[in-house]
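Shown next, in structure tokens, is the structure this report addresses.
The values are calculated or read from the model by the stated rules, or taken from the named source; none is laboratory data. Bear in mind the structure is a predicted one, so any value in this text is a computation, not a measurement. Cβ atoms come from the backbone with ideal geometry, glycine included; neighbour counts cover every protein chain shown.
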Amino acid sequence: MDNRSTIPATPAQPGAAGSYAPLSAVPSTLRIPLAARAFGDAMFPALALGDAHAGRILTALGDDGLAWLRDRHSIYGVLARTRRFRELAAQFLAAHPAGHLVNLGCGLSHYFQWLDNGQARMTDADLPEVLAIRRTLLPVAGERHEVLPLDLTVPDWWDRLGLPATRDGAPVFLLCEGVLMYLQPAQVQAILRTFGERAPAGSSFAFDAMCWLAIGRAKQHPSVKHTAAEFHWGPRRLPELTQAHARLRLAGTFHLMEGYGLPYSLIGPTFRMLFGVPFYALYALQTQDIDTA
């Protein structure tokens, strides 16, 4: 189909921020998924999200989206991963209708518009500089929705979010979208270790990641190159995702880009065969109690 009508005619600078203070390197990448959710439905109808807020927010930021929409591969990837995050969260809520969903590094996304079942709780958390913008553009969606400051690099981030103090609590669902690849390897391992150590059995942690070959190559990414962010972490082998704690198990690996068509449907399996890990995927970890009998 002809998608030209979905792309604004006058480009704005990727760093333009309307009346809002400019974001630092990693937070500034939130514009990429925001543009995808604002305009991607028309570009890829089969993956349409129906985001009720993204277009309005992008406009308020003074960004017409054009710089990001040229990168059709990333637009597709964002839509595919958002749908997968939604599906995994919905599966969790099917088993735990009053469960707690937590978006670590939420940016300006709004998953609760799709996941609010009338019982669930949602915590959106991010750095204070992001929340300063979010609080003016995305009001809290009722008493079961909260927005909290978050720095995943501090050791007590789990407690600051009010997550279960003991493993005897109810399971939780964490999602972390477009974040971990920008952190240092030791920081990622510490986050996974905290989840493995603290989360009640049956909890889930879903996140996306590129493999180790992307490290240091952000300037080669069609969208991220417009920011000052850099890729610092990516797994070399799948067992790295669970090595942080004995209670962790890999519950799912989802190859998001292979549905884009050729050459991804051919290159993806070949890449995994050669390197033992996907170039880019969404992973789902779960906690399970260790049988000591």
Of everything in the range 239-262 that's surrounded by fewer than 17 Cβ atoms within 10 Å (Cβ to Cβ) and aliphatic (A, V, I, L, M), which residue is modelled with the lowest pLDDT? Leu262
Selection within the range 214-262 - touching a strand residue (DSSP E or B) at 6+ places or on another chain (Cβ under 9 Å) and of a type in the set (Val, Ile, Thr): Thr242, Thr253
What do you reckon, is Ala209 closer than 30 Å to Leu163 by Cα, touching a residue at least 40 places away in the same chain (Cβ under 8 Å) and either among the small types (Gly, Ala, Ser) or not in a strand (DSSP E or B) (or both)? yes
Among the residues of the range 93-107, is there at least one that is part of a helix (DSSP H, G or I), at pLDDT 95 or above and touching a helix residue (DSSP H, G or I) at 6+ places or on another chain (Cβ under 8 Å)? yes
With the requirement that a residue be surrounded by fewer than 21 Cβ atoms within 10 Å (Cβ to Cβ), within 10 Å of Trp233 (Cβ to Cβ) and either of a type in the set (Lys, Arg) or in contact with a Pro (Cβ under 8 Å, 6 or more places away or on another chain) (or both), what does the range 181-210 give you? none
Restricting to the range 42-99, count the residues that are in contact with a His (Cβ under 9 Å, 6 or more places away or on another chain) and loosely packed, with under 13 Cβ neighbours inside 10 Å. 1
Filter result for Leu282 (within 22 Å of Val188 (Cβ to Cβ), modelled with pLDDT of 95 or more and crowded, with 20+ Cβ neighbours inside 10 Å): yes
Where residues in the range 212-225 are more than 19 Å from the chain's Cα centre (by Cα) and not in a loop (DSSP other than H, G, I, E, B), which of them is surrounded by the most Cβ atoms within 10 Å (Cβ to Cβ)? Leu213
If we scan the range 263-273, do we find a residue that is part of a strand (DSSP E or B) and surrounded by 16 or more Cβ atoms within 10 Å (Cβ to Cβ)? no
So Ser223 fits all but one of (1) touching a residue at least 24 places away in the same chain (Cβ under 8 Å); (2) touching an Asp or Glu at 6+ places or on another chain (Cβ under 8 Å); (3) more than 30 Å from Ala46 (Cβ to Cβ); what number is the exception? (3)
Search the range 117-149 for residues being over 17 Å from Cys176 (Cα atoms) and of a type in the set (Asp, Glu), and hand back the single one that is surrounded by the fewest Cβ atoms within 10 Å (Cβ to Cβ). Glu143
Take Pro200 and decide whether it is farther than 30 Å from Asp168 by Cβ, of a type outside the set (Phe, Trp, Tyr) and outside any helix (DSSP H, G or I). no
Within the range 26-59, how many residues turn out to be assigned to a loop (DSSP other than H, G, I, E, B) and of a type in the set (Ser, Thr, Tyr)? 0
Search result, residues across the range 150-166 that are surrounded by 15 or more Cβ atoms within 10 Å (Cβ to Cβ) and not aromatic (Phe, Trp, Tyr): Leu150, Leu152, Leu161, Leu163, Pro164
